[in-house]
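The values are calculated or read from the model by the stated rules, or taken from the named source; none is laboratory data. Fair warning: this is a prediction, and the values are worked out from it, not measured in the lab. FYI the Cβ positions are ideal-geometry reconstructions off the backbone, even for glycines, and counts take in every protein chain you see. We work out accessible area using only protein heavy atoms, side chains counted, and drop any ligands, DNA or RNA first. Shrake-Rupley method; radii C 1.70, N 1.55, O 1.52, S 1.80 Å.
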Amino acid sequence: MLKNRLATLLIWLSVILISAVFVVLVLDLVRHGWAELSLAYLVDAPLDAGRGGGIGPIMVSTGLILALTISVAAPLSLATAVFLTEFSSKNSVFSGIIKRSLDVLASVPSIVFGLFGNAFFCVYLGLGFSILSGGLTLACMVLPILIRTFSEGLRAAPDEYRLAAAALGLNRAAALRHFLLPTATPALIAGLMLAIGRAIAETAALIFTSGYVDRMPDSLMDSGRALSIHIYDLSMNVAGGDSHANSAALILISLLFMINTLSSKLAYHWMHKRITCL
Amino acid sequence: MFLSQTDKHLSLWLRLCTLISATILALIIMFLLAESWPLLKHGVLTQFISDESWHPAQRLYNILPMLSATLLSTLGALTLATPLGIASAMFNRYYAPSFLASGYRRIIELMAGIPSVVYGLWGLTTLAPVINLWHPPGVSLLCAILVLAMMILPTIALTADSALGAIPVVFHQTAAALALSRWGTIRHVLLPLAKSSIGAGIMLATGRAIGETMAVLMVAGNVVQQPDSLFDSVRTLTANIALEMAYAMGDHRAALFVSGLALMLMIILLAGLAEINKRSS
(Lines give C-alpha, C1' and ligand atoms only; values in the text may rest on other atoms or scores of the structure.)
Protein backbone atom coordinates (compact mmCIF):
# COMPACT_ATOMS: atom_id res chain seq x y z
CA MET A 1 0.00 0.00 0.00
CA LEU A 2 2.84 2.33 0.95
CA LYS A 3 4.64 1.40 -2.27
CA ASN A 4 1.52 2.19 -4.26
CA ARG A 5 1.26 5.66 -2.69
CA LEU A 6 4.96 6.31 -3.11
CA ALA A 7 4.85 5.36 -6.81
CA THR A 8 1.90 7.66 -7.42
CA LEU A 9 3.70 10.50 -5.66
CA LEU A 10 6.95 9.98 -7.61
CA ILE A 11 5.16 9.79 -10.94
CA TRP A 12 3.24 13.01 -10.30
CA LEU A 13 6.44 14.71 -9.15
CA SER A 14 8.31 13.71 -12.33
CA VAL A 15 5.46 14.92 -14.50
CA ILE A 16 5.33 18.26 -12.67
CA LEU A 17 9.10 18.60 -13.01
CA ILE A 18 9.05 17.90 -16.76
CA SER A 19 6.13 20.27 -17.39
CA ALA A 20 7.78 22.99 -15.31
CA VAL A 21 11.03 22.70 -17.27
CA PHE A 22 9.10 22.91 -20.54
CA VAL A 23 7.16 25.98 -19.42
CA VAL A 24 10.33 27.72 -18.22
CA LEU A 25 12.05 26.96 -21.53
CA VAL A 26 9.22 28.38 -23.63
CA LEU A 27 8.75 31.42 -21.37
CA ASP A 28 12.48 32.18 -21.48
CA LEU A 29 12.50 32.05 -25.27
CA VAL A 30 9.47 34.28 -25.57
CA ARG A 31 10.69 36.73 -22.91
CA HIS A 32 14.17 37.16 -24.42
CA GLY A 33 13.18 36.98 -28.07
CA TRP A 34 9.95 38.95 -28.16
CA ALA A 35 11.45 42.46 -27.97
CA GLU A 36 13.26 42.30 -31.32
CA LEU A 37 10.47 40.70 -33.31
CA SER A 38 8.80 42.72 -36.05
CA LEU A 39 7.98 42.41 -39.71
CA ALA A 40 11.14 44.33 -40.56
CA TYR A 41 13.17 41.76 -38.63
CA LEU A 42 11.90 39.05 -40.96
CA VAL A 43 12.89 40.83 -44.18
CA ASP A 44 15.89 43.05 -43.36
CA ALA A 45 19.49 42.02 -43.90
CA PRO A 46 21.56 41.33 -40.77
CA LEU A 47 23.87 44.15 -39.65
CA ASP A 48 27.00 43.99 -37.54
CA ALA A 49 27.34 40.16 -37.66
CA GLY A 50 23.71 39.76 -36.68
CA ARG A 51 23.64 42.01 -33.61
CA GLY A 52 21.32 44.31 -35.53
CA GLY A 53 19.11 44.21 -38.58
CA GLY A 54 17.00 41.19 -39.47
CA ILE A 55 17.15 37.74 -40.96
CA GLY A 56 15.85 38.27 -44.52
CA PRO A 57 18.67 36.58 -46.49
CA ILE A 58 18.79 33.81 -43.88
CA MET A 59 15.11 33.03 -44.38
CA VAL A 60 15.72 32.89 -48.15
CA SER A 61 18.69 30.54 -47.76
CA THR A 62 16.75 28.34 -45.37
CA GLY A 63 13.85 28.16 -47.83
CA LEU A 64 16.14 27.30 -50.73
CA ILE A 65 17.90 24.56 -48.78
CA LEU A 66 14.55 23.10 -47.71
CA ALA A 67 13.09 23.22 -51.23
CA LEU A 68 16.14 21.48 -52.62
CA THR A 69 16.14 18.84 -49.89
CA ILE A 70 12.51 17.95 -50.45
CA SER A 71 12.59 18.03 -54.25
CA VAL A 72 15.51 15.59 -54.28
CA ALA A 73 14.50 13.34 -51.40
CA ALA A 74 10.74 13.07 -52.01
CA PRO A 75 10.74 11.43 -55.49
CA LEU A 76 13.59 9.10 -54.55
CA SER A 77 11.84 8.09 -51.34
CA LEU A 78 8.50 7.59 -53.03
CA ALA A 79 10.08 5.32 -55.66
CA THR A 80 11.89 3.34 -52.98
CA ALA A 81 8.78 3.03 -50.83
CA VAL A 82 6.68 1.89 -53.80
CA PHE A 83 9.31 -0.66 -54.74
CA LEU A 84 9.58 -2.02 -51.20
CA THR A 85 5.83 -2.30 -50.62
CA GLU A 86 4.40 -3.10 -54.05
CA PHE A 87 7.13 -4.64 -56.21
CA SER A 88 9.15 -6.85 -53.90
CA SER A 89 8.12 -9.81 -51.84
CA LYS A 90 8.40 -9.53 -48.06
CA ASN A 91 11.10 -12.14 -47.69
CA SER A 92 13.36 -11.18 -50.56
CA VAL A 93 17.02 -10.80 -49.60
CA PHE A 94 17.42 -7.63 -51.69
CA SER A 95 14.70 -5.69 -49.89
CA GLY A 96 15.86 -7.11 -46.54
CA ILE A 97 19.33 -5.65 -47.05
CA ILE A 98 17.86 -2.34 -48.16
CA LYS A 99 15.62 -2.08 -45.13
CA ARG A 100 18.59 -2.82 -42.81
CA SER A 101 20.73 -0.18 -44.47
CA LEU A 102 17.93 2.41 -44.21
CA ASP A 103 17.47 1.59 -40.51
CA VAL A 104 21.15 2.23 -39.87
CA LEU A 105 21.04 5.38 -42.04
CA ALA A 106 18.21 6.69 -39.88
CA SER A 107 20.42 6.60 -36.80
CA VAL A 108 23.58 8.07 -38.32
CA PRO A 109 24.47 11.20 -36.27
CA SER A 110 23.95 14.48 -38.08
CA ILE A 111 27.57 15.55 -37.67
CA VAL A 112 28.59 12.42 -39.60
CA PHE A 113 26.26 13.54 -42.39
CA GLY A 114 28.10 16.85 -42.21
CA LEU A 115 31.48 15.11 -42.60
CA PHE A 116 30.18 13.02 -45.47
CA GLY A 117 28.54 15.99 -47.20
CA ASN A 118 31.76 17.97 -46.92
CA ALA A 119 33.90 15.13 -48.30
CA PHE A 120 31.49 14.02 -51.03
CA PHE A 121 29.48 17.03 -52.24
CA CYS A 122 31.81 19.92 -51.40
CA VAL A 123 35.18 18.38 -52.18
CA TYR A 124 34.73 15.25 -54.33
CA LEU A 125 31.96 16.60 -56.56
CA GLY A 126 33.43 20.10 -56.37
CA LEU A 127 30.24 21.88 -55.32
CA GLY A 128 32.07 23.81 -52.60
CA PHE A 129 30.30 25.43 -49.67
CA SER A 130 26.93 25.99 -51.30
CA ILE A 131 23.21 25.76 -50.80
CA LEU A 132 23.33 22.86 -53.26
CA SER A 133 25.76 20.88 -51.06
CA GLY A 134 23.72 21.61 -47.95
CA GLY A 135 20.42 20.66 -49.57
CA LEU A 136 21.81 17.41 -50.95
CA THR A 137 23.33 16.49 -47.58
CA LEU A 138 20.00 17.08 -45.85
CA ALA A 139 18.27 15.06 -48.59
CA CYS A 140 20.43 12.05 -47.61
CA MET A 141 19.52 12.67 -44.00
CA VAL A 142 15.73 12.81 -44.38
CA LEU A 143 15.59 9.94 -46.88
CA PRO A 144 15.05 7.15 -44.32
CA ILE A 145 12.30 9.15 -42.54
CA LEU A 146 10.46 9.74 -45.82
CA ILE A 147 10.82 6.13 -46.97
CA ARG A 148 9.52 4.83 -43.65
CA THR A 149 6.43 7.06 -43.52
CA PHE A 150 5.69 6.60 -47.23
CA SER A 151 5.94 2.79 -46.91
CA GLU A 152 3.68 2.79 -43.87
CA GLY A 153 1.13 4.87 -45.79
CA LEU A 154 1.14 2.54 -48.77
CA ARG A 155 1.00 -0.55 -46.59
CA ALA A 156 -2.08 0.86 -44.85
CA ALA A 157 -4.04 0.85 -48.13
CA PRO A 158 -6.37 -2.16 -47.95
CA ASP A 159 -5.50 -5.21 -50.06
CA GLU A 160 -9.02 -5.13 -51.55
CA TYR A 161 -7.92 -2.16 -53.64
CA ARG A 162 -5.07 -4.15 -55.13
CA LEU A 163 -7.30 -7.15 -55.78
CA ALA A 164 -10.09 -5.03 -57.29
CA ALA A 165 -7.62 -3.25 -59.56
CA ALA A 166 -6.21 -6.57 -60.73
CA ALA A 167 -9.72 -7.91 -61.32
CA LEU A 168 -10.46 -4.88 -63.49
CA GLY A 169 -7.42 -5.72 -65.59
CA LEU A 170 -5.51 -2.60 -64.48
CA ASN A 171 -1.77 -2.94 -64.43
CA ARG A 172 0.13 -2.06 -61.26
CA ALA A 173 1.14 1.37 -62.51
CA ALA A 174 -2.52 2.34 -63.00
CA ALA A 175 -3.54 0.80 -59.67
CA LEU A 176 -0.88 2.89 -57.98
CA ARG A 177 -1.93 6.08 -59.73
CA HIS A 178 -5.67 5.74 -59.25
CA PHE A 179 -6.07 3.83 -55.97
CA LEU A 180 -3.01 3.34 -53.86
CA LEU A 181 -1.29 6.74 -54.04
CA PRO A 182 -4.53 8.73 -53.47
CA THR A 183 -5.32 6.51 -50.49
CA ALA A 184 -1.86 7.07 -49.06
CA THR A 185 -1.90 10.87 -49.59
CA PRO A 186 -2.45 11.82 -45.92
CA ALA A 187 0.49 9.65 -44.91
CA LEU A 188 2.61 11.10 -47.71
CA ILE A 189 1.83 14.64 -46.53
CA ALA A 190 2.52 13.73 -42.92
CA GLY A 191 5.85 12.22 -43.96
CA LEU A 192 6.80 15.31 -45.94
CA MET A 193 6.02 17.58 -43.00
CA LEU A 194 8.06 15.37 -40.67
CA ALA A 195 11.00 15.59 -43.07
CA ILE A 196 10.67 19.37 -43.44
CA GLY A 197 10.59 19.69 -39.65
CA ARG A 198 13.71 17.58 -39.30
CA ALA A 199 15.54 19.47 -42.04
CA ILE A 200 14.68 22.95 -40.74
CA ALA A 201 15.89 22.03 -37.27
CA GLU A 202 19.21 20.71 -38.51
CA THR A 203 22.46 22.50 -37.77
CA ALA A 204 25.41 20.16 -37.49
CA ALA A 205 25.03 18.72 -41.00
CA LEU A 206 24.99 22.21 -42.53
CA ILE A 207 28.00 23.93 -40.90
CA PHE A 208 30.50 22.36 -43.30
CA THR A 209 28.25 22.02 -46.32
CA SER A 210 26.16 25.15 -46.82
CA GLY A 211 28.38 27.41 -44.75
CA TYR A 212 28.08 30.62 -42.78
CA VAL A 213 27.71 33.42 -45.32
CA ASP A 214 24.78 35.66 -44.36
CA ARG A 215 24.48 37.57 -47.65
CA MET A 216 21.46 37.13 -49.91
CA PRO A 217 22.29 34.11 -52.10
CA ASP A 218 22.44 34.79 -55.88
CA SER A 219 22.29 31.15 -56.95
CA LEU A 220 22.26 27.64 -55.56
CA MET A 221 26.05 27.60 -55.85
CA ASP A 222 26.36 30.40 -53.28
CA SER A 223 26.95 29.68 -49.63
CA GLY A 224 23.87 30.45 -47.54
CA ARG A 225 23.31 30.54 -43.81
CA ALA A 226 20.38 28.53 -42.47
CA LEU A 227 18.28 29.83 -39.57
CA SER A 228 19.56 27.23 -37.11
CA ILE A 229 23.18 28.08 -37.96
CA HIS A 230 22.38 31.75 -37.42
CA ILE A 231 21.18 30.93 -33.90
CA TYR A 232 24.32 28.92 -33.19
CA ASP A 233 26.64 31.58 -34.57
CA LEU A 234 24.96 34.45 -32.70
CA SER A 235 25.04 32.70 -29.36
CA MET A 236 28.54 31.19 -29.59
CA ASN A 237 30.65 33.47 -31.77
CA VAL A 238 29.08 36.92 -31.52
CA ALA A 239 29.37 38.75 -28.21
CA GLY A 240 26.08 40.50 -27.48
CA GLY A 241 24.15 38.41 -29.98
CA ASP A 242 21.99 36.63 -27.41
CA SER A 243 18.81 38.63 -27.79
CA HIS A 244 18.83 38.27 -31.57
CA ALA A 245 19.64 34.58 -31.17
CA ASN A 246 16.53 34.26 -29.01
CA SER A 247 14.39 36.05 -31.59
CA ALA A 248 15.64 33.74 -34.33
CA ALA A 249 14.99 30.74 -32.07
CA LEU A 250 11.47 31.99 -31.44
CA ILE A 251 10.87 32.21 -35.19
CA LEU A 252 12.32 28.74 -35.75
CA ILE A 253 10.09 27.26 -33.06
CA SER A 254 7.00 29.03 -34.44
CA LEU A 255 7.78 27.71 -37.93
CA LEU A 256 8.08 24.18 -36.57
CA PHE A 257 4.86 24.56 -34.61
CA MET A 258 3.07 25.80 -37.75
CA ILE A 259 4.40 22.91 -39.84
CA ASN A 260 3.30 20.48 -37.16
CA THR A 261 -0.22 21.91 -36.90
CA LEU A 262 -0.59 22.26 -40.67
CA SER A 263 0.35 18.64 -41.25
CA SER A 264 -2.28 17.30 -38.90
CA LYS A 265 -4.91 19.68 -40.36
CA LEU A 266 -4.03 18.72 -43.95
CA ALA A 267 -4.04 15.02 -43.21
CA TYR A 268 -7.49 15.38 -41.63
CA HIS A 269 -8.82 17.42 -44.57
CA TRP A 270 -7.54 14.95 -47.16
CA MET A 271 -8.93 12.01 -45.29
CA HIS A 272 -12.42 13.52 -45.45
CA LYS A 273 -12.19 14.55 -49.10
CA ARG A 274 -11.12 11.06 -50.06
CA ILE A 275 -13.92 9.32 -48.26
CA THR A 276 -16.62 11.54 -49.81
CA CYS A 277 -15.35 10.98 -53.35
CA LEU A 278 -15.06 7.22 -53.06
CA MET B 1 4.66 -12.17 -59.91
CA PHE B 2 3.01 -11.37 -63.27
CA LEU B 3 3.91 -7.96 -64.65
CA SER B 4 2.70 -6.20 -67.81
CA GLN B 5 5.15 -4.40 -70.09
CA THR B 6 4.47 -1.01 -68.47
CA ASP B 7 4.96 -2.51 -65.05
CA LYS B 8 8.26 -4.06 -66.04
CA HIS B 9 9.56 -0.65 -67.05
CA LEU B 10 8.24 0.93 -63.89
CA SER B 11 9.73 -1.84 -61.79
CA LEU B 12 13.12 -1.29 -63.38
CA TRP B 13 13.04 2.45 -62.60
CA LEU B 14 11.89 1.83 -59.05
CA ARG B 15 14.64 -0.73 -58.52
CA LEU B 16 17.20 1.81 -59.73
CA CYS B 17 15.93 4.48 -57.31
CA THR B 18 15.92 1.92 -54.49
CA LEU B 19 19.52 1.07 -55.25
CA ILE B 20 20.45 4.76 -55.07
CA SER B 21 18.75 5.11 -51.68
CA ALA B 22 20.53 2.04 -50.39
CA THR B 23 23.93 3.17 -51.67
CA ILE B 24 23.99 6.28 -49.47
CA LEU B 25 24.96 4.38 -46.33
CA ALA B 26 27.72 2.57 -48.24
CA LEU B 27 28.90 5.91 -49.66
CA ILE B 28 29.04 7.44 -46.18
CA ILE B 29 31.15 4.60 -44.83
CA MET B 30 33.37 4.63 -47.94
CA PHE B 31 34.05 8.35 -47.71
CA LEU B 32 34.72 8.21 -43.96
CA LEU B 33 37.24 5.43 -44.62
CA ALA B 34 38.81 7.21 -47.58
CA GLU B 35 39.26 10.47 -45.67
CA SER B 36 40.65 8.65 -42.63
CA TRP B 37 43.04 6.66 -44.79
CA PRO B 38 46.10 8.99 -44.46
CA LEU B 39 46.17 8.05 -40.77
CA LEU B 40 44.74 4.54 -40.92
CA LYS B 41 47.24 3.32 -43.51
CA HIS B 42 50.05 3.30 -40.95
CA GLY B 43 48.04 0.61 -39.23
CA VAL B 44 48.70 1.94 -35.73
CA LEU B 45 45.20 2.37 -34.38
CA THR B 46 46.62 2.45 -30.87
CA GLN B 47 47.89 5.99 -31.42
CA PHE B 48 44.35 7.27 -30.93
CA ILE B 49 44.43 6.01 -27.35
CA SER B 50 48.13 6.05 -26.54
CA ASP B 51 49.24 9.50 -27.71
CA GLU B 52 49.96 11.93 -24.89
CA SER B 53 47.13 14.29 -25.70
CA TRP B 54 45.00 15.84 -28.44
CA HIS B 55 47.32 18.35 -30.08
CA PRO B 56 46.77 18.08 -33.82
CA ALA B 57 49.45 20.70 -34.56
CA GLN B 58 52.03 18.37 -32.96
CA ARG B 59 50.50 15.29 -34.56
CA LEU B 60 49.16 13.99 -31.26
CA TYR B 61 45.72 12.49 -31.71
CA ASN B 62 44.51 10.99 -28.45
CA ILE B 63 40.72 10.85 -28.68
CA LEU B 64 40.21 9.17 -25.29
CA PRO B 65 39.22 12.36 -23.39
CA MET B 66 36.58 13.11 -26.03
CA LEU B 67 35.40 9.52 -26.12
CA SER B 68 34.97 9.45 -22.37
CA ALA B 69 33.14 12.80 -22.46
CA THR B 70 30.73 11.36 -25.03
CA LEU B 71 30.17 8.20 -23.01
CA LEU B 72 29.85 9.98 -19.64
CA SER B 73 27.37 12.56 -20.91
CA THR B 74 25.31 9.87 -22.64
CA LEU B 75 25.33 7.69 -19.54
CA GLY B 76 24.35 10.60 -17.32
CA ALA B 77 21.55 11.67 -19.62
CA LEU B 78 20.21 8.11 -19.77
CA THR B 79 20.29 7.81 -15.98
CA LEU B 80 18.08 10.89 -15.68
CA ALA B 81 15.86 10.48 -18.72
CA THR B 82 15.01 6.77 -18.44
CA PRO B 83 13.08 6.86 -15.14
CA LEU B 84 11.51 10.22 -15.99
CA GLY B 85 10.52 9.05 -19.48
CA ILE B 86 8.99 5.82 -18.24
CA ALA B 87 7.22 7.73 -15.46
CA SER B 88 5.80 10.08 -18.12
CA ALA B 89 4.46 7.16 -20.11
CA MET B 90 2.92 5.55 -17.01
CA PHE B 91 1.34 8.87 -16.09
CA ASN B 92 -0.21 9.18 -19.53
CA ARG B 93 -1.54 5.64 -19.54
CA TYR B 94 -2.56 4.95 -15.95
CA TYR B 95 -2.44 8.02 -13.71
CA ALA B 96 -3.53 11.09 -15.63
CA PRO B 97 -7.13 12.25 -15.53
CA SER B 98 -8.26 12.27 -19.17
CA PHE B 99 -8.20 16.07 -19.52
CA LEU B 100 -4.54 16.13 -18.49
CA ALA B 101 -3.37 13.14 -20.48
CA SER B 102 -3.78 14.66 -23.94
CA GLY B 103 -2.30 18.00 -22.89
CA TYR B 104 0.69 16.32 -21.30
CA ARG B 105 1.25 14.16 -24.36
CA ARG B 106 1.24 17.33 -26.48
CA ILE B 107 3.94 18.82 -24.23
CA ILE B 108 6.11 15.75 -24.73
CA GLU B 109 5.56 15.87 -28.50
CA LEU B 110 6.49 19.55 -28.59
CA MET B 111 9.63 18.82 -26.56
CA ALA B 112 10.53 16.19 -29.13
CA GLY B 113 10.22 18.79 -31.88
CA ILE B 114 12.41 21.51 -30.38
CA PRO B 115 15.64 21.76 -32.42
CA SER B 116 18.90 20.90 -30.71
CA VAL B 117 20.32 24.36 -31.33
CA VAL B 118 17.43 25.86 -29.34
CA TYR B 119 18.09 23.48 -26.44
CA GLY B 120 21.72 24.55 -26.68
CA LEU B 121 20.81 28.23 -26.63
CA TRP B 122 18.59 27.77 -23.60
CA GLY B 123 21.22 25.70 -21.81
CA LEU B 124 23.82 28.37 -22.48
CA THR B 125 21.74 31.39 -21.49
CA THR B 126 19.67 29.96 -18.63
CA LEU B 127 21.03 26.70 -17.27
CA ALA B 128 24.77 27.38 -17.39
CA PRO B 129 24.55 30.67 -15.41
CA VAL B 130 22.54 28.86 -12.71
CA ILE B 131 25.15 26.10 -12.46
CA ASN B 132 27.83 28.78 -12.45
CA LEU B 133 26.36 30.28 -9.26
CA TRP B 134 26.64 26.90 -7.61
CA HIS B 135 30.05 25.91 -8.98
CA PRO B 136 31.89 27.74 -11.79
CA PRO B 137 32.37 27.64 -14.75
CA GLY B 138 28.79 26.55 -15.46
CA VAL B 139 29.38 25.21 -18.93
CA SER B 140 30.22 21.69 -17.86
CA LEU B 141 29.61 17.98 -18.05
CA LEU B 142 26.64 18.49 -15.72
CA CYS B 143 25.07 21.09 -18.01
CA ALA B 144 25.57 18.78 -21.01
CA ILE B 145 23.96 15.90 -19.11
CA LEU B 146 20.91 17.99 -18.14
CA VAL B 147 20.35 19.35 -21.65
CA LEU B 148 20.87 15.92 -23.25
CA ALA B 149 18.44 14.38 -20.76
CA MET B 150 15.77 16.89 -21.78
CA MET B 151 16.38 16.08 -25.42
CA ILE B 152 16.17 12.30 -25.18
CA LEU B 153 13.37 12.19 -22.63
CA PRO B 154 10.60 12.56 -25.25
CA THR B 155 12.02 9.65 -27.28
CA ILE B 156 11.90 7.36 -24.25
CA ALA B 157 8.51 8.67 -23.11
CA LEU B 158 6.82 8.31 -26.51
CA THR B 159 8.15 4.80 -27.23
CA ALA B 160 7.32 3.61 -23.71
CA ASP B 161 3.87 5.15 -24.08
CA SER B 162 3.09 3.23 -27.26
CA ALA B 163 4.63 0.07 -25.78
CA LEU B 164 2.30 0.29 -22.78
CA GLY B 165 -0.62 1.12 -25.09
CA ALA B 166 -0.07 -2.07 -27.09
CA ILE B 167 -0.69 -4.34 -24.07
CA PRO B 168 -3.98 -6.26 -24.53
CA VAL B 169 -6.73 -5.19 -22.14
CA VAL B 170 -7.11 -8.74 -20.82
CA PHE B 171 -3.95 -8.29 -18.72
CA HIS B 172 -5.50 -5.29 -16.97
CA GLN B 173 -8.67 -7.28 -16.32
CA THR B 174 -6.79 -10.27 -14.95
CA ALA B 175 -4.73 -8.05 -12.67
CA ALA B 176 -7.90 -6.35 -11.46
CA ALA B 177 -9.51 -9.74 -10.82
CA LEU B 178 -6.49 -10.68 -8.71
CA ALA B 179 -7.00 -7.43 -6.76
CA LEU B 180 -3.50 -6.18 -7.46
CA SER B 181 -2.87 -2.56 -6.56
CA ARG B 182 -2.28 -0.06 -9.36
CA TRP B 183 1.47 -0.03 -8.79
CA GLY B 184 1.51 -3.82 -8.30
CA THR B 185 -0.17 -4.25 -11.68
CA ILE B 186 2.29 -1.92 -13.38
CA ARG B 187 5.36 -3.32 -11.68
CA HIS B 188 4.61 -7.04 -11.99
CA VAL B 189 2.34 -7.33 -15.03
CA LEU B 190 2.54 -4.40 -17.43
CA LEU B 191 6.20 -3.35 -17.27
CA PRO B 192 7.53 -6.89 -17.83
CA LEU B 193 5.26 -7.15 -20.89
CA ALA B 194 6.48 -3.88 -22.35
CA LYS B 195 10.11 -4.42 -21.34
CA SER B 196 11.64 -5.10 -24.73
CA SER B 197 9.83 -2.26 -26.54
CA ILE B 198 10.87 0.17 -23.81
CA GLY B 199 14.40 -1.18 -24.17
CA ALA B 200 14.28 -0.45 -27.90
CA GLY B 201 13.24 3.13 -27.14
CA ILE B 202 16.14 3.52 -24.70
CA MET B 203 18.58 2.31 -27.34
CA LEU B 204 17.15 4.80 -29.82
CA ALA B 205 17.64 7.54 -27.24
CA THR B 206 21.22 6.37 -26.59
CA GLY B 207 21.99 6.76 -30.28
CA ARG B 208 20.57 10.26 -30.25
CA ALA B 209 22.62 11.22 -27.20
CA ILE B 210 25.87 9.87 -28.65
CA GLY B 211 25.32 11.68 -31.94
CA GLU B 212 24.04 14.96 -30.54
CA THR B 213 26.32 17.79 -31.54
CA MET B 214 25.01 21.33 -31.33
CA ALA B 215 23.43 21.34 -27.89
CA VAL B 216 26.44 19.67 -26.29
CA LEU B 217 28.83 21.90 -28.19
CA MET B 218 27.08 24.97 -26.79
CA VAL B 219 26.87 23.90 -23.14
CA ALA B 220 29.78 21.55 -22.36
CA GLY B 221 32.58 24.13 -22.36
CA ASN B 222 34.73 22.30 -24.92
CA VAL B 223 37.94 21.88 -22.93
CA VAL B 224 39.73 18.69 -23.99
CA GLN B 225 40.30 16.95 -20.66
CA GLN B 226 39.43 13.92 -18.64
CA PRO B 227 36.75 15.32 -16.27
CA ASP B 228 37.38 14.92 -12.53
CA SER B 229 33.95 16.09 -11.51
CA LEU B 230 30.56 16.93 -12.95
CA PHE B 231 31.50 20.61 -12.97
CA ASP B 232 34.48 20.24 -15.28
CA SER B 233 34.24 21.43 -18.87
CA VAL B 234 34.46 18.63 -21.40
CA ARG B 235 34.52 18.23 -25.17
CA THR B 236 32.67 15.37 -26.84
CA LEU B 237 33.68 13.62 -30.06
CA THR B 238 30.89 15.31 -32.01
CA ALA B 239 31.67 18.77 -30.64
CA ASN B 240 35.32 18.29 -31.50
CA ILE B 241 34.45 17.60 -35.13
CA ALA B 242 32.19 20.64 -35.32
CA LEU B 243 34.81 22.91 -33.74
CA GLU B 244 37.87 21.86 -35.71
CA MET B 245 36.55 20.85 -39.13
CA ALA B 246 36.59 24.47 -40.29
CA TYR B 247 40.38 24.74 -40.31
CA ALA B 248 41.61 21.13 -40.19
CA MET B 249 44.02 20.10 -42.94
CA GLY B 250 45.87 16.90 -43.83
CA ASP B 251 46.34 14.45 -40.97
CA HIS B 252 44.30 16.61 -38.63
CA ARG B 253 41.31 16.39 -41.00
CA ALA B 254 41.88 12.63 -41.23
CA ALA B 255 41.85 12.39 -37.43
CA LEU B 256 38.45 14.09 -37.36
CA PHE B 257 37.14 11.60 -39.88
CA VAL B 258 38.51 8.81 -37.68
CA SER B 259 36.38 10.17 -34.83
CA GLY B 260 33.45 10.17 -37.28
CA LEU B 261 34.19 6.50 -37.95
CA ALA B 262 34.26 5.84 -34.20
CA LEU B 263 30.80 7.41 -33.91
CA MET B 264 29.51 5.28 -36.79
CA LEU B 265 30.93 2.17 -35.12
CA MET B 266 29.04 2.95 -31.91
CA ILE B 267 25.82 3.51 -33.85
CA ILE B 268 26.20 0.24 -35.76
CA LEU B 269 26.91 -1.60 -32.49
CA LEU B 270 23.73 -0.11 -31.03
CA ALA B 271 21.75 -1.16 -34.11
CA GLY B 272 23.11 -4.70 -33.62
CA LEU B 273 22.07 -4.67 -29.96
CA ALA B 274 18.60 -3.44 -30.95
CA GLU B 275 18.33 -6.30 -33.45
CA ILE B 276 19.27 -8.87 -30.76
CA ASN B 277 16.74 -7.28 -28.40
CA LYS B 278 14.05 -7.55 -31.09
CA ARG B 279 14.86 -11.19 -31.88
CA SER B 280 14.92 -12.31 -28.26
CA SER B 281 11.50 -10.91 -27.47
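Anisotropy class assigned to region B:1-117 is oblate, per the alpha carbon gyration tensor with a/c at or over the 1.5 cut-off and a/b no larger than b/c.
Compared with the dominant principal axis of the Cα atoms in chain A, helix A:181-200 is inclined by about 20°.
Dipole size of region B:179-281 about its Cα centre, with +1 on Lys/Arg Cβ and -1 on Asp/Glu Cβ: approximately 660 debye, rounded to the nearest 20.
The accessible area of A:Val238, taken with all protein chains in place and a 1.4 Å probe, comes to roughly 10 Å². If I require 18 Å or longer along the helix axis, counting alpha carbons, and a Kyte-Doolittle average no lower than -0.5, what helices from chain B are left? Use full DSSP H segments. Qualifying helices: B:5-40, B:64-90, B:98-113, B:141-165, B:191-211, B:250-280. Ordering A:Val82, B:Val224 by accessible surface, largest first, gives B:Val224, A:Val82; the 1.4 Å probe counts only protein heavy atoms, with every chain in place. Note on A:His178 and A:Phe257: their simple-model spin labels are 4.6 nm apart, each label 7 Å out from Cα toward Cβ. For chain B, just say rounded, prolate or oblate: build the C-alpha gyration tensor, square-root its eigenvalues into a ≥ b ≥ c, call rounded for a/c under 1.5, and beyond that prolate if a/b exceeds b/c, oblate if not. Verdict is oblate for chain B. Overall, the anisotropy analysis places the protein assembly as shown in the rounded class: the square-rooted eigenvalues a ≥ b ≥ c of its C-alpha gyration tensor yield a/c less than 1.5. Counts of other chain beta carbons within 10 angstrom of each beta carbon in peptide B:208-220 average 4. Among the residues of A:237-250, the average count of other protein chain beta-carbon atoms within 10 Å of the residue beta-carbon is 2. Across region B:1-148, Cα pairs under 8 Å and at least six residues apart give a relative contact order of 16 percent. The distance linking region A:1-59 with region A:127-186 is 35 Å (Cα centroid to Cα centroid, whole angstrom). Treating the angle as unsigned and between 0 and 90°, give the value, to the nearest 10°, between the Cα long axis of helix A:227-237 and the longest Cα principal axis of chain A. Rounded to the nearest ten degrees, it is 30.
Compute, for the protein assembly as shown, the length of the dipole vector about the Cα centre, with Cβ point charges of +1 (Lys, Arg) and -1 (Asp, Glu) only. Units Debye, rounded to 20.
1940
Taking the Cα centre of chain B as origin and assigning +1 to Lys and Arg Cβ atoms and -1 to Asp and Glu Cβ atoms, the resulting dipole is close to 860 debye.
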